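One structure below.
The values are calculated or read from the model by the stated rules, or taken from the named source; none is laboratory data. Being a predicted model, the structure only gives us computed values, none of them experimental. So basically every Cβ, Gly included, is an ideal-geometry build from the backbone, and we count neighbours across all protein chains shown.
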Amino acid sequence: MRCFRRLGRLALILAVSGLALGVASCSRHPEPTWSPPSLSEVRKALTSLPFGEFVNASARLHLLRFPQTVTESGLAESLGVRNDRLDDYSASYLRETAAIEREILSRLRLYSRSALAAEDQATYDAWEKTWADLVARHDVSPALQIFSAGDDSANARLMRRFAAVDRIVSENDVVDYIACLYQAGRQVDQMRSWLEQAARLGTLPERVDLRTALGAMARLRITETYSTSEYLPDRIISAHHPFFAPLRDRLVEGGFLDAATRTAYLVDANRVVERQVIPAYERLARLLARLLNQMDTAS
């Protein structure tokens with residue numbers, strides 16, 4: 001089950017080169033400049049298309065539902081979007097994505113396979129399997145998908161997004177990075193919400209996957225103190241955080257921003273990491289630790 005989404009996305013990526021989508025104008029505000037296509041937009045875009053156009057359009061529209069995959073694949077420019085969005089794990093968004101996948105499979109099956117050329121029949125068969133596999137995952141708990149093992153886990157992908165500072169070569173790239181920072185706390189809280197639900201329903205991921213997730217958060221939970229006094233609480237220090245420190249070093253070394261502009265961006269990034277990202281990870285880590293303790297006690 002864990003491989004379906006990754007394999008499905010890789011198959012879809014093959015069909016999207018050279019395609020583009022309209023995008024809003026550039027802004028220094030950290031809000032994303034584009035929105036993933038909705039179910040109604042997908043339905044409209046896929047109406048009455050020849051089979052070949054349907055294949056390309058369905059791949060492009062579905063891929064845009066996964067902004068982090070777009071970024072990791074280096075396809076943002078060809079798709080006409082910015083690298084300024086993170087994946088959304090909210091219940092409403094996941095439901096709509098599932099509905100889009102069912103819609104695409106249903107529309108695919110409206111084409112008469114026998115009426116297609118031999119090459120298109122092969123594409124049809126591969127496409128039908130891809131979408132059927134994706135639809136089959138709808139019954140899998142989101143927590144089992146989000147806390148999957150290895151590179152496919154949501155936490156690993158989020159850390160990978162903010163480790164890719166070598167891609168920052170312009171001011172627009174800085175804006176995109178910071179826009180994603182503003183979404184990181186929300187995504188971590190969404191992970192925690194699905195884990196809480198899984199705990200209530202008895203559908204928790206494997207213990208080894210939860211331990212791996214907790215271990216990966218060690219560097220993301222940074223608390224230090226400026227004082228040796230036992231009466232002063234620890235203060236969160238974001239300067240050493242993996243989502244901030246590489247950005248700081250990259251901007252200092254890159255030389256494509258003047259000092260004042262660079263400082264303004266770094267102050268903004270430092271603030272959101274300190275006030276939103278680190279606390280969100282701390283909440284998730286506490287939940288993981290509690291659940292693991294309960295598992296250990298029960299065994």
When you go through Ala143, Ala136 one by one, which is the residue that is surrounded by fewer than 16 Cβ atoms within 10 Å (Cβ to Cβ), outside any loop (DSSP other than H, G, I, E, B) and either among the hydrophobic types (A, V, I, L, M, F, W, C) or in the same structural domain as Gly215 (by TED's automatic domain parsing) (or both)? Ala136
How about region 13-42: which of its residues are surrounded by 15 or more Cβ atoms within 10 Å (Cβ to Cβ) and modelled with pLDDT of 55 or more? Pro30, Pro32, Thr33, Trp34, Pro36, Pro37, Leu39, Val42
Suppose we filter region 65-83 for residues that are touching a Pro at 6+ places or on another chain (Cβ under 9 Å) and either in contact (Cβ under 8 Å) with a residue 12 or more places away in the chain or hydroxyl-bearing (Ser, Thr, Tyr) (or both); how many remain? 6
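Which ones in region 127-171 are among the basic types (Lys, Arg), under 25 Å from Ser58 (Cβ atoms) and in contact (Cβ under 8 Å) with a residue 24 or more places away in the chain?
Of all residues in region 127-171, those among the basic types (Lys, Arg) come to 129, 137, 157, 160-161, 167.
Now narrow it down to the ones that are under 25 Å from Ser58 (Cβ atoms): 129, 137, 157.
Correct list: Arg137, Arg157.
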Failed criterion for Arg219 (all others in (1) in contact with a Pro (Cβ under 6 Å, 6 or more places away or on another chain); (2) at pLDDT 90 or above hold): (2)
Which one of Asp234, Asp209, Asp249, Asp189 is among the charged types (D, E, K, R), within 20 Å of Arg160 (Cβ to Cβ) and more than 23 Å from the chain's Cα centre (by Cα)? Asp249
Kindly establish whether Val169 is in contact with a helix residue (DSSP H, G or I) (Cβ under 8 Å, 6 or more places away or on another chain), on the phi < 0 side of the Ramachandran plot and not in a helix (DSSP H, G or I). yes
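Can you name every residue in region 30-60 that is of a type in the set (Ser, Thr, Tyr) and assigned to a helix (DSSP H, G or I)? Break it down stepwise before answering.
Step one: of region 30-60, the residues of a type in the set (Ser, Thr, Tyr) are 33, 35, 38, 40, 47-48, 58.
Hits for region 30-60 are Ser40, Ser58.
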What's the number of the only condition in (1) loosely packed, with under 15 Cβ neighbours inside 10 Å; (2) under 27 Å from the mean Cα position of the chain (by Cα) that Asp87 fails to meet? (1)
Determine whether region 116-125 contains at least one residue that is closer than 26 Å to Ala76 by Cα and assigned by TED's automatic domain parsing to the domain that holds Leu39. yes
